[in-house]
Amino acid sequence: MENLTDELRSAHLFAQLSQDQIERIARKARRISVAEGKALFAQGDPADRFFFVISGQLKLFRLSPEGNEKVIEIITPGHTFAEALMFLERPRYPVGCVALLPAEVIAVDSRDFNQMLRGSAETCLLLLGELSARLRGLVREIDELSLQSATCRIAGYLLKRAPADADEFQLEIPKGVIASRLSVKPETFSRIVRQLTEHKIIEVHGSMVRIRDRAALRREADVCGAPPEPGPGPCPPLHS
C-alpha cells in the first residue's frame, strides 16, 4: 500500500491531505490497467468511483442518439476526473471513457471519500478550489468553441502542443480525436491543415508536425483572441 499512497500524494487533489487521510483513501482504492482502445467505463454506468491517471492517455466522450461521438476531454497523467459526481444522490457517468494509449489509473471510492469530506472542512475547501478551477477552464473552452473560428482553434491547439525550443513535434492523439475535441469535422480539420501547409506555415507528415512560421501560426491563433504579437508583415487570412 505504501507505493499507492505515494502515487496518490502526487495528485494535486490529494497533495495537502494528512497521512491518515491518504492511507484511508488507499485502503479502498484499486489500481486498474486499461488496454489501448478498451473502455474504463461506459456512458450511463453507475459512478461509484473517480480516477487518478498514473500513465497513458484516456478520452472522455459522449455519444449522440445517432451514435456520433464528441470528445469532451483528453486526460493525461497527473490528473483526476469524475470526482464531482460524488455529490449526486445516484450518480452515473455522463460520458464514456476509453484509453487512447495503454493506461493505468487509481480508482478511488467516491462514497468513502465523500464521508471523509464531511469530517474535514479544509479538505472540502481544497476540493471546491479544484472544481472551481476546472469550471473556469470549461467556461473558457465554451467561449473558444462559440466565438473562435475553426482555424483559430486548430492553430491554437498546434501552438500549445509545440515545444518552446523546437519546431517539430509529434501529435500523440489521432487526428480524428483532435478534430472531435476541437468541435471540428474531420474534413474541416484536414482542409485547414492543408491550407496552413499551402501557406508554408506548417508541414505535416503522418503524425509529425513541423512549424515553418511560428509567428504566422500565432497570428492565426490570435485572430479570435488577444491581439497578435508584432511580426514581419501580414499573414493571408485562413478563417473558416
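The values are calculated or read from the model by the stated rules, or taken from the named source; none is laboratory data. Keep in mind the model is a prediction, meaning the values are calculated, not measured. When we count neighbours, we look across all protein chains shown, and the Cβ atoms used for this are built from the backbone with ideal geometry, even at glycine.
Each residue in region 99-115 was checked for being surrounded by fewer than 20 Cβ atoms within 10 Å (Cβ to Cβ), out of contact with any Lys or Arg (no Cβ under 6 Å at 6 or more places or on another chain) and either of a type in the set (Phe, Trp, Tyr) or not in a helix (DSSP H, G or I) (or both), and 3 pass. Go through (1) surrounded by fewer than 17 Cβ atoms within 10 Å (Cβ to Cβ); (2) touching a residue at least 24 places away in the same chain (Cβ under 8 Å); (3) more than 19 Å from the chain's Cα centre (by Cα) for Ile202 and report which single condition fails. In the conditions (1) surrounded by fewer than 17 Cβ atoms within 10 Å (Cβ to Cβ); (2) touching a residue at least 24 places away in the same chain (Cβ under 8 Å); (3) more than 19 Å from the chain's Cα centre (by Cα), Ile202 misses (1) alone.
Residues that are farther than 23 Å from Ser180 by Cβ: which strands (runs of 3 or more DSSP E) entirely in region 15-70 hold 3 or more of them? Can you show your working first?
Numbers: elements: 30-34, 39-41, 49-63.
Fully inside region 15-70 and qualifying: 30-34, 49-63.
Looking across region 40-60, just one residue is among the hydrophobic types (A, V, I, L, M, F, W, C) and exposed (fewer than 14 other Cβ atoms within 10 Å of the Cβ), and that is Ala42.
Find all pairs meeting these conditions: Cβ atoms under 9 angstrom apart; at least six residues apart or on different chains; first residue within region 2-16 and assigned by TED's automatic domain parsing to the domain that holds Phe52 and free of Cβ contacts under 8 Å to residues at least 24 places away in the same chain; second residue in a loop (DSSP other than H, G, I, E, B) and surrounded by fewer than 17 Cβ atoms within 10 Å (Cβ to Cβ). Here the result reads Arg9/Ala15, each pair linking region 2-16 to a residue that is in a loop (DSSP other than H, G, I, E, B) and surrounded by fewer than 17 Cβ atoms within 10 Å (Cβ to Cβ).
Restricting Ser190, Ser180, Ser207 to residues that are buried (at least 20 other Cβ atoms within 10 Å of the Cβ) and under 30 Å from Glu36 (Cα atoms) narrows the list to Ser180.
Can we say Val98 is in the same structural domain as Arg24 (by TED's automatic domain parsing) and in contact with a Gly (Cβ under 8 Å, 6 or more places away or on another chain)? Reasoning before the result, please.
Working: in the same structural domain as Arg24 (by TED's automatic domain parsing): yes; in contact with a Gly (Cβ under 8 Å, 6 or more places away or on another chain): yes.
In short, yes.
If you go through region 71-95 and keep only what is closer than 23 Å to Lys28 by Cα and assigned to a strand (DSSP E or B), you end up with Ile75, Thr80, Phe81, Arg92.
For region 66-124, a residue qualifies if it is within 16 Å of Gln21 (Cα to Cα) and either modelled with pLDDT under 90 or of a type in the set (S, T, N, Q) (or both), and the qualifying residues are Ser110, Asn114, Gln115, Met116, Leu117, Arg118, Gly119, Ser120, Ala121, Glu122, Thr123, Cys124. The residues in region 68-90 that are at positive phi and crowded, with 17+ Cβ neighbours inside 10 Å can be counted, and the count is 1. Applying a threshold of 6 Å to beta carbon distances and a minimum spacing of six or more residues, or different chains, the list of pairs starting in region 91-104 at a residue that is of a type in the set (Val, Ile, Thr) and ending at one that is outside any strand (DSSP E or B) reads Val95/Gln43. Number of residues in region 138-179 that are touching a helix residue (DSSP H, G or I) at 6+ places or on another chain (Cβ under 9 Å), modelled with pLDDT of 90 or more, assigned to a helix (DSSP H, G or I) and farther than 19 Å from Arg219 by Cβ: the value is 4.
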